[in-house]
Amino acid sequence: MSERQASGATTGNSKPSAGQEEKNKNNLPQDFDIDMEDPETEKAAVAIQSQFRKFQSKKKQDVKS
């Protein structure tokens, strides 16, 4: 009978090891450009602002209660 060790995904252990985590940090792009004139960017910004305002007003109501 041979026993095989389960992979991290099946055991629920998804935290990368220290070596993998450091490697992932190095793979990030150093610089990126966001086109602020792009209509998709504007729509995303409006959606984010809307959610933030809802959060702020809800937080304000909770404090008054």
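Working with all protein chains in place, sort VAL63, VAL46 by solvent-accessible area computed with a 1.4 Å probe, largest first.
On the way: VAL63 115, VAL46 85 Å².
Solvent-accessible surface, decreasing: VAL63, VAL46.
Solvent exposure of ASP33, expressed as accessible area, is near 150 Å², computed with a probe of 1.4 Å over the protein chains only. The length gained by stretching the chain between ASP33 and LYS54 to full extension, at 0.36 nm per residue less their Cα-Cα distance, is 4.7 nm. Heavy-atom accessible surface of PHE32, to the nearest 10 Å², is about 150 Å², with a 1.4 Å probe and all protein chains retained.
The values are calculated or read from the model by the stated rules, or taken from the named source; none is laboratory data. Everything numeric here is computed off the predicted structure, so don't read it as measured data. Just so you know, the surface numbers come from the protein's heavy atoms only, side chains and all, with ligands and any DNA or RNA stripped out. Shrake-Rupley method; radii C 1.70, N 1.55, O 1.52, S 1.80 Å.
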